[in-house]
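The values are calculated or read from the model by the stated rules, or taken from the named source; none is laboratory data. Remember, it's a predicted structure, so these values are computed and weren't measured experimentally. Reconstructed Cβ throughout: ideal geometry from the backbone, glycine too, with neighbour counts over all protein chains shown.
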Amino acid sequence: MSCFGGLSEVKLADAVIQAVIDQMRCKVEDKINEKFKDYRAVIFRTQVVAGLNYFVKVHTEDKKYLHLRLFSPLPCNGMDVELHGVEYPKSETDELKYFDCN
């Protein structure tokens, strides 16, 4: 039996998720070479692995969104959250689902 799980149900983003993505804003903007007017977490899903994967839908301006894949190691490993992938551009109606690191 695997210790890895599927994605959680979609949840509304809160201040904790916003704080997690705020740590990654510069890395995200550098990765896709774009600066955002808005950068607000809307919804998220998690996946238990050897830590926690976050999949987050982020509103960036009028009708533009991006999907982030972040990894938070187990606390015993003492490491920071890492940016593992960005899907951009996305729309409001694009499903927030698993995607590989990029």
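The test for being of a type in the set (D, E, K, R), under 26 Å from GLY5 (Cβ atoms) and outside any helix (DSSP H, G or I) holds for LYS97. Exactly one residue out of ARG45, ARG69 is touching a Cys at 6+ places or on another chain (Cβ under 7 Å), surrounded by 14 or more Cβ atoms within 10 Å (Cβ to Cβ), assigned to a strand (DSSP E or B) and modelled with pLDDT of 95 or more, and it is ARG69. Looking across THR60, THR93, one residue alone is among the polar types (S, T, N, Q) and more than 16 Å from LYS27 (Cα to Cα). It is THR93. Taken together, the residues in the stretch 72-83 that are surrounded by fewer than 16 Cβ atoms within 10 Å (Cβ to Cβ) and touching a residue at least 24 places away in the same chain (Cβ under 8 Å) amount to 3.
Is there a residue in the stretch 31-42 that is closer than 23 Å to GLY5 by Cβ, surrounded by 14 or more Cβ atoms within 10 Å (Cβ to Cβ) and either at pLDDT 95 or above or among the small types (Gly, Ala, Ser) (or both)? Within the stretch 31-42, one or more residues are closer than 23 Å to GLY5 by Cβ, surrounded by 14 or more Cβ atoms within 10 Å (Cβ to Cβ) and either at pLDDT 95 or above or among the small types (Gly, Ala, Ser) (or both).
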